[in-house]
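Heads up: the structure comes next, in structure tokens.
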Amino acid sequence: ETRSSTKESDQRAAKRLFDEAKTLQSKYFKQLQHGESINLQPMERAAEGLINSLESQSNALLCLAKIRAKDKYLMEHSLNVGMLLAYFGRFLGMNKHQQKQLLMGGMLHDIGKINTPDEVLHKPGKLTDEEFVIMRQHVVHSYQILKAQEGVSTTMLDIARNHHERLDGKGYPNQLKGEQLSETTRMANIVDCYDALTADRVYKSGMPPTAAFRILLAGVDSQFDKVLVEKFIRCMGVYPVGTAVKLKSGRLAVVVQRNSEKPLNPVVKVIFNTLTNTHTE
């Protein structure tokens, strides 16, 4: 087999794992919506597969994580947060068991939104104070739903309960601050915010990663952990995999691999020529 065909079969395997995780996730959302309990074992297996392929296929998986269906935002966002948390955990030197807990925690961290009314969940504009109170409840619901399930780890509960807490104590639901925020919580705050900022929604385009990094840096010490934000940016690279970039030639390309030697020169794959308006293979 040539190197490129091995790479392609690896990417297909990564896509299969990713799709399997998505299918499981939507099954869990439905079951929990109907008040049924869920069996986490298949997700454990899927998470294990994803963690293993993160080693060889992190680029392919992060590319997939960027390809989102706008209307399925909640699911896509949850899976992305899980993937990015595991990727970040690996960068920080965490073991596979910890990476798996981070992945599963991210995939289920917003499960409480199944109880949030659609008109609040999908409202394009700014929420009113009353709506914001309703929206904030999703964290409490996520925690209660997961706590009632068998096999849910403390890491998973930590992510669900605390991903909207802030270092300065102005977060919700428990206004935790400083030392009360575990490393997992601090990681989840950063990743959750980064993914929400860069996501395309039905009513708005996501911002480029570089702009999201600036927002994270502006929130250092008040909202986010400074050391972890800096490490997250290093982990993602200046141009994270899956980012669309416009080349000097006017062609549109996607970053398929980072360049650790020269972060400003990643490996890209051209997808569209804006001068001739033609797609390229």
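Results, tabulated for the structure shown:
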quantity	calculated
Entries in Lys27/Lys204; Lys72/Lys123; Lys30/Lys100; Lys15/Lys72 that, when Cα-Cα distance is taken, lie over 25 Å	Lys27/Lys204
For the chain, built as a Gaussian network whose Cα springs stay under 10 Å, the top-fluctuating residue of Thr154, Thr198, Thr128	Thr128
Cα-centre dipole for the range 59-199 with unit charges at Cβ (Lys and Arg positive, Asp and Glu negative), debye to 20	380 debye
Among Pro173, Gly89, His141 the positive-end extreme of the charge dipole of the chain (Cβ point charges)	Gly89
Antiparallel bridge percentage (DSSP; both residues within the chain; nearest 5)	90 percent
Within the chain: Cβ-based charge dipole about Cα centre, in debye rounded to nearest 20 (Lys, Arg +1; Asp, Glu -1)	840 debye
Where the chain is the region considered: accessible area per residue in Å², 1.4 Å probe	52 Å²
C-alpha center-to-center spacing [the range 218-266, the range 160-215] in angstrom	17 Å
Ranking by accessible area, most exposed first, for Arg251, Arg186, Arg166 with a 1.4 Å probe	Arg251, Arg166, Arg186
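The values are calculated or read from the model by the stated rules, or taken from the named source; none is laboratory data. Treat the numbers as computed from the prediction; the structure is a model and nothing was measured. Every residue, glycine as well, gets a Cβ built from its backbone with ideal geometry; the counts of neighbours run over all protein chains shown. With ligands, DNA and RNA removed, areas are computed over all heavy atoms of the protein, side chains included. Shrake-Rupley method; radii C 1.70, N 1.55, O 1.52, S 1.80 Å.
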